[in-house]
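Structure record follows, encoded as structure tokens.
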Amino acid sequence: MTVNELFAKLHEVPADPKAQMDRYLAEGKKIVLCAPVYTPEEIIHAMGFVPMGAWGADTELRRAKEYCPAFLCSIVQSILELGINGMYDGASAIVIPSLCDTLKTLGENWKYAVPSIPFIPMTYPQNRKPAYGVAFTKAGYERVIRDLEKLGGTFSDEKLAASNAVYNRHNAAMRKLEQVLAKHPEVTACQRSDAFKSAFFLTKEEHTALIEELTAALEQQTPGTEKTPILLSGILADAPAFNAILDEMGLHIVADDVAAQSRQYQTDVPESGDALTALAEKFANMDNCSVLYNAAKPRVKWIVDTAKARGAKGVLVALTKFCDPEEFDYVMIKKACESAGIPITVVEIDRQMVQFEQARTNIETFRDMLNM
Amino acid sequence: MAEEVKKAPRPVDPNSAKYKLGKIAADAFADAIEAKKKGIPVAWVSSNFPVEIPETLGIATVYPENQAAGIAARGAGERMCNVAEAEGYSNDICAYARISLAYAKLKSCPEQDVAMPDVVLCCNNICNCMIKWYENLAQELNIPMIMLDIPFNPDYDVSDAQVQYVSAQFWDAVHQLEQLFGLKWDDDKFEEVTGFSCRASRAWLAATGCAKYVPSPFNGFDLLNHMAVMVTARGKECSGDAMETLYKEYMENHKNGTSTFRTEEKYRILFEGIACWPYLRATSTGLKSRGINMVTTIYADAFGYDYDSFEGMIKAYCSVPNAINLEKSRDKRIKLCQDNHVEGMLIHTNRSCKLWSGFMYEMGRQVGKACDIPVASFDGDQADPRNFSEAQYDTRVQGLMEIMEANKEQKGAN
Ligand code: SF4
Ligand code: SF4
């Protein structure tokens, strides 16, 4: 396929996740929903289910309001809304890690709001690096395994080892794509977003194949003229209207620290020991994220260093409204960028946004500043 | 001069619980300031961090949540929040955190000064917001952070894996502090501290348990103040004594038919959530003027750190209100309602606290149904005065009262 055909394919899937889910169900596959973030997809995959990302959608909140006060982030609220409205019907379960306070409440509400889809909690440690932390991560995984066994899944270490390899390959493919995209300003922000977002709704095997093909095709393509290079940071940046503004403003994302995009692909499962321990070690090795404790806050430095290394002229923070982990980090990121002389601006976004005028004005001012 | 004509405050009997508890709470701040001068290490500590650690090691403690509550109650919440917001902190962030981060910048706030820390001791059994807040404190103040992670427990009981994980961290935290400040852990001291903590906790449970009497021998708003001692000083010897005095006083009130709720108690409610510190008077008067006594809150249960083994202690820290699932949280409230003859539930939907408020609608419905009581909620914030409307509060409380009234009439008719 050509670059454009591949992007068209990658656009189709996130444009209608429900259709994709129904296709898999019709093929007799069982689906397990994966709420953000760092759901152990490898385990779900190894046990014979298709893991599907559940990060909510740009939708009006109605029924979710019966459960959530207005000051919970729209990602969590819209996951609940979709669940109540039957958009996830047919899924065998939802796995929800509780890495932020709002996610803790999602699981509790889910049990009563969407009783037809079992809730499987994944409890991660914050002190994940010492041996006792790895042991606790493993215990959390074992809990998920037990719950999935009740739903007909079967676990074996060999199968997990194979799935770990599938996911490592996907990680590598996404990292490679991300590097290549940094050199191709002609790829739009909308297309870039599709490439990442489609990963939530396709099997990793299918997605890896598409991404590897895309990367290879892009490498053959002569890069367009450079636009204004930026680093994009945040939890989620998939709103088409938001990406359209980036494109309209001639901004080129040369690196991202977006949880739903590159942030999740930084760490691979190590190849040592048994597969489950190795997976727990992957979690131990993860960092550079607002919901993973680290008193040294390496994420802040990572953003500054990456922005410099990739030649980004500025950092654009797409802040998901009411996301307190990101709101805390933002202050430290802002200070670090300012002292490194990297312009930074913040745009608040949420999943109910219909008016993007404020965002457009902010981004326009930011663009003008970068091009001064 | 204005001061001279001011009425002298009613003297408080130095043997009263009120005096003792007030003194302990005030001394907690002063002691840390003194300790700092003497070169004793000072820690800023999360309210539900195992106090047994700093108490045993002899580290002076400051509880930023307690400080923020004091600042908010004295009317400086908004001013401090504005300082944090000017730094770039969103006004969606917990107001305690905003106030504390503002203090870290200013290092002064006449409404409640504290000693600056040499280390921060963070425990996230009440929220993960705490992690982010303390990470930023550690960075801004360039001091070490000790993190004791107690994850939210989605199950009813505490698992062995969780006990092992938290126990390992407990000792890890001890060792880190020993190394940082050249201190030495002393098992005998530890035993003494746990003894104090359990004694204070038992007396607290007994005192708050006096709400079972009708009328209640106390106004539940008392608990919001006395709670400060359970947060900041439960590991100190004097706290047990003061709490026992409180219990005795409540029992005497009961015997004498008196109460610190100084009006006729017509209705009894469970108040859910943190107090609205900037509007303590308004929220209290709104109830009292209608004869509504908030006889109980989850705090009555929250500081019941009574345990008889190390594992018991760990489990207690794993079972604080914000660390437990909906069913366990619900059942605790149901028990409080049943034990204390509660007739209605008033929920503070606290904009600062995503975790506490995040599944409260559903829990409120379940508690209401199980206890057959009306449930009302109002919007507020524990420390940012901009998120509360007196008019809304009044309407909601009035609505709650009317249903309680109708229920009473119905019961009377049967
Ligand atoms: S967007 Fe932020 S608040 Fe919402 S679920 Fe993700 S980390 Fe939590
Ligand atoms: S009010 Fe809530 S968010 Fe704030 S410190 Fe307390 S538990 Fe955490």
Next on the checklist: Just to be sure before I move on: is A:GLU326 in a helix (DSSP H, G or I), within 16 Å of ligand 2 (Cβ to nearest atom) and touching a residue at least 24 places away in the same chain (Cβ under 8 Å) in the structure I sent?
Outcome noted: yes
Item to check | Among (1) of a type outside the set (Lys, Arg); (2) touching an Asp or Glu at 6+ places or on another chain (Cβ under 7 Å); (3) in a loop (DSSP other than H, G, I, E, B), the one test that B:PHE196 misses | outcome: (3)
Checklist entry - Got at least one residue in segment A:362-371 being in a loop (DSSP other than H, G, I, E, B), surrounded by fewer than 18 Cβ atoms within 10 Å (Cβ to Cβ), more than 16 Å from ligand 1 (Cβ to nearest atom) and at pLDDT below 95? => result yes
Checklist entry - Within segment A:59-72, is even one residue more than 22 Å from the chain's Cα centre (by Cα), farther than 30 Å from B:GLN164 by Cα, surrounded by 24 or more Cβ atoms within 10 Å (Cβ to Cβ) and within 9 Å of chain B (Cβ to nearest Cβ)? => result yes
Checklist entry - Which ranges mark the helices (runs of 4 or more DSSP H) fully within segment B:307-396 that have 3 or more residues being away from ligand 1 (no atom under 16 Å from the Cβ) and basic (Lys, Arg)? => result B:326-339
Item to check | Lone qualifier among A:THR306, A:THR320, A:THR345 - being away from ligand 1 (no atom under 15 Å from the Cβ), modelled with pLDDT of 95 or more, crowded, with 18+ Cβ neighbours inside 10 Å and within 19 Å of the chain's Cα centre (by Cα) | outcome: A:THR306
Checklist entry - A:LYS111: within 26 Å of B:ILE126 (Cα to Cα), more than 9 Å from every other protein chain (Cβ to nearest Cβ) and either in a loop (DSSP other than H, G, I, E, B) or of a type in the set (Lys, Arg) (or both), yes or no? => result no
Next on the checklist: Going through B:GLY182, B:GLY209 one at a time, which residue ends up being away from chain A (no Cβ under 11 Å) and without any contact (Cβ under 8 Å) to a residue 12 or more places away in the chain?
Outcome noted: B:GLY182
Next on the checklist: Every residue in segment A:69-96 that is within 20 Å of A:TYR24 (Cβ to Cβ), of a type in the set (Gly, Ala, Ser) and within 16 Å of ligand 1 (Cβ to nearest atom), please.
Outcome noted: A:GLY83
Next on the checklist: I'm checking my understanding of the structure. Among residues of segment A:218-242 that are among the acidic types (Asp, Glu) and loosely packed, with under 15 Cβ neighbours inside 10 Å, which one is farthest from ligand 2 (Cβ to nearest atom)?
Outcome noted: A:GLU219
Next on the checklist: For segment B:83-94, check the following and say yes or no: at least one residue is over 20 Å from the mean Cα position of the chain (by Cα) and on the phi > 0 side of the Ramachandran plot.
Outcome noted: yes
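Residue by residue, here is whether (1) in contact (Cβ under 8 Å) with a residue 12 or more places away in the chain; (2) more than 7 Å from chain A (Cβ to nearest Cβ) holds:
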{"site": "B:ALA95", "(1), (2)": "yes, yes"}
{"site": "B:VAL114", "(1), (2)": "yes, yes"}
{"site": "B:PRO117", "(1), (2)": "yes, yes"}
{"site": "B:ILE126", "(1), (2)": "yes, yes"}
{"site": "B:LYS132", "(1), (2)": "yes, no"}
{"site": "B:GLN139", "(1), (2)": "no, no"}
{"site": "B:MET145", "(1), (2)": "yes, no"}
{"site": "B:ASP155", "(1), (2)": "yes, yes"}
Next on the checklist: Within segment A:163-180, does at least one residue satisfy the condition of being out of contact with any helix residue (DSSP H, G or I) (no Cβ under 6 Å at 6 or more places or on another chain), touching a residue at least 40 places away in the same chain (Cβ under 8 Å) and of a type in the set (S, T, N, Q)?
Outcome noted: yes
Checklist entry - Taking A:SER116 and the conditions (1) in a loop (DSSP other than H, G, I, E, B); (2) within 16 Å of ligand 2 (Cβ to nearest atom); (3) out of contact with any strand residue (DSSP E or B) (no Cβ under 6 Å at 6 or more places or on another chain), which numbered condition does it fall short on, given that it satisfies the others? => result (2)
Next on the checklist: Quick check on this structure: which one of A:ASN294, A:ASN288 is more than 10 Å from chain B (Cβ to nearest Cβ), under 30 Å from A:ALA165 (Cβ atoms) and of a type outside the set (Gly, Ala, Ser)?
Outcome noted: A:ASN288
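The values are calculated or read from the model by the stated rules, or taken from the named source; none is laboratory data. None of these values were measured; they are calculated from a predicted model. All Cβ positions, glycine included, derive from the backbone under ideal geometry; neighbour counts span all protein chains shown.
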